[in-house]
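Worksheet: one structure, shown below.
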Amino acid sequence: PAAGKILHAVSMLIRQHGLLIAASFIGLLGVFFYSLGNWTGALRVKADRYLPYSLYRDYSGALLIVSLASLMRSGVSLRSALEQALQYANPWLRWHVRKILLRLSTNSSMGFGQAFATGVLSPDLEDRVTDASERQDPVQAFVKIGVGSIDRIAVSIESSASRINSFMLIVCGFVLGG
């Protein structure tokens, strides 16, 4: 039967090229994890819109906002907080923080909310930061966003992980059923 022929072909493929397939899979996994913190540029900003890179963007962006909010709460200016974040950031986050600092210094009429529109934050968090920058007390609003963003990001990451889980279950079903 056809199912038996497919199973035989798969078993022969694994028997003859199993080590190469396993090494390729491990290599691709390594490249993916390396790219999370090191891949920068306009193409990466586009990739950050989609799973699984969007999970990394949402998590890292929320941590950036929380750390900036904590520093600003203690009296540090936004620019100084960004410069401190720059010292401890990985290349991906450093690329975004440099763009934010450049936008803040070149366009002084731009609110700090628009300076954060680099792709480092989720669209929802980016909108909230933009709204906070237009308030009467933007620093206090920014701090409030930073404190509340962890819970929101946790919910967002759970829903994204649920979508990935559903997708993987469907893929496994096709592999086992095929």
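The values are calculated or read from the model by the stated rules, or taken from the named source; none is laboratory data. Small disclaimer: the values here were computed from a predicted structure and weren't measured. Positions of Cβ are generated from backbone atoms using ideal geometry, with glycine treated the same way; all protein chains shown enter the neighbour counts. Only protein heavy atoms, including side chains, enter the accessible area calculation; ligands, DNA and RNA are left aside. Shrake-Rupley method; radii C 1.70, N 1.55, O 1.52, S 1.80 Å.
Ordered from longest to shortest, the equivalent ellipsoid semi-axes for the stretch 1-43 are 35, 12, 6 Å, each the square root of 5 times a Cα gyration tensor eigenvalue.
Please identify every one of the trypsin sites (Lys or Arg not before Pro) in the stretch 79-108 that sits in a loop by DSSP and has no more than 10 other beta carbons within 10 Å of its own beta carbon.
The qualifying sites: there are none.
Note on exposure: Val139, Val76, Val129, Val31 ranked by accessible area (1.4 Å probe, complete protein assembly) read Val31, Val139, Val76, Val129, with the most exposed listed first. One decimal place: the segment Val10-Ser67 gains 15.5 nm when fully extended, by the rule 0.36 nm per residue minus the C-alpha distance. For the stretch 121-178, a crude dipole built from +1 on the beta carbon of Lys and Arg and -1 on the beta carbon of Asp and Glu, taken about the Cα centre, is about 200 debye to the nearest 20. Remark on the stretch 21-169: hydrodynamic radius 16.2 angstrom, per the Kirkwood mean of 1/r across alpha carbon pairs. Taking chymotrypsin sites (Phe, Trp or Tyr not before Pro) across the stretch 41-108, the ones in a DSSP loop with at most 15 further Cβ atoms lying within 10 angstrom of their Cβ are Tyr50. The accessible-area ordering, largest first, of the residues Thr106, Thr40, Thr130, Thr118 stands as Thr106, Thr40, Thr130, Thr118, per a 1.4 angstrom probe.
Comparing Gln114, Leu176, Ile153 along the charge dipole axis of the stretch 53-178, the residue lying farthest to the positive side is Gln114, per the Cβ-charge model. Taking Ile14, Ile100, Ile164 in turn, the Gaussian network model of the chain (Cα-Cα springs below 10 Å) assigns the largest fluctuation to Ile14.
Listed by chain and number, the lysines whose alpha-carbon sits under 22 Å from that of Lys5, ignoring those within fewer than 8 places in the same chain, form an empty set. Summary value for the chain: 24 percent relative contact order, contacts being C-alpha pairs under 8 angstrom separated by 6+ residues. The stretch 80-164: which GluC sites (Glu not before Pro) are DSSP loop and have at most 14 other beta-carbon atoms within 10 angstrom? Taking the stretch 80-164 and a limit of 14 other Cβ atoms within 10 Å, the loop GluC sites (Glu not before Pro) found are Glu134. Computed extension length for Tyr34-Gln136: 32.6 nm, one decimal, from 0.36 nm per residue of separation with the Cα-Cα distance subtracted. The accessible surface of the chain, taken with every protein chain in place and a 1.4 Å probe, is 64 percent carbon and sulfur.
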